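First the structure, in the form of structure tokens, and then the observations on it.
The values are calculated or read from the model by the stated rules, or taken from the named source; none is laboratory data. Since this is a predicted model, take the numbers as computed values, not measurements. Heads up, the Cβs are rebuilt from the backbone with ideal geometry, glycines too, and the neighbour counts pull from every protein chain shown.
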């Protein structure tokens, strides 16, 4: 049984390495052709001797950065989806605020953000949720322990609202209290 896992892991390592090296090779080719994007890894590559990094170390750094960014993005989207389904009354307030500021003829832009304090507060609170809260509210699987946070999070809507407010620092609390 161990041998099968070893073969599988070796194959997956090869697939992973091929993926990351192919992206790195593509970046190097773009740099050679004068199509540099100005990325962090391009700067690291340009200064690899000064930084004392090998090509493999730079590829690994790119791998770590990409994985970290992908996990953060996925967790944030999962937490936002959960918050939208959990805090339906607050979502209605977010929508009303967007409608009143932006109107029906266009999507909000970054320039609108200062005029959308409730939306900013909602996003800030979702950003403060544990990574990834989504895992704590998956359906119960018989024979598996329920995560300790689940009983706290899957409480009544009143309790959830108070737990959301409890996560706020004093500056954000005033904005949220004003709307909740």
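Quickly run through the stretch 44-66 and pick out the residues that are in a helix (DSSP H, G or I) and surrounded by fewer than 12 Cβ atoms within 10 Å (Cβ to Cβ).
Filtering the stretch 44-66 down to residues in a helix (DSSP H, G or I) leaves 44-46, 48-51, 55-66.
Of everything in the stretch 44-66, those that are in a helix (DSSP H, G or I) and surrounded by fewer than 12 Cβ atoms within 10 Å (Cβ to Cβ) turn out to be 49, 50, 56, 64.
Could you check the stretch 77-132 and list, in sequence order, the residues that are surrounded by fewer than 16 Cβ atoms within 10 Å (Cβ to Cβ), out of contact with any helix residue (DSSP H, G or I) (no Cβ under 6 Å at 6 or more places or on another chain) and not in a helix (DSSP H, G or I)?
103, 104, 105, 106, 107, 109, 128, 130
Please specify each residue of the stretch 24-41 satisfying the condition of being in a helix (DSSP H, G or I) and either on the phi > 0 side of the Ramachandran plot or at pLDDT 90 or above (or both).
If the condition is that a residue be in a helix (DSSP H, G or I) and either on the phi > 0 side of the Ramachandran plot or at pLDDT 90 or above (or both), then 24, 25, 26, 27, 28, 29, 30, 31, 32 are the ones that fit.
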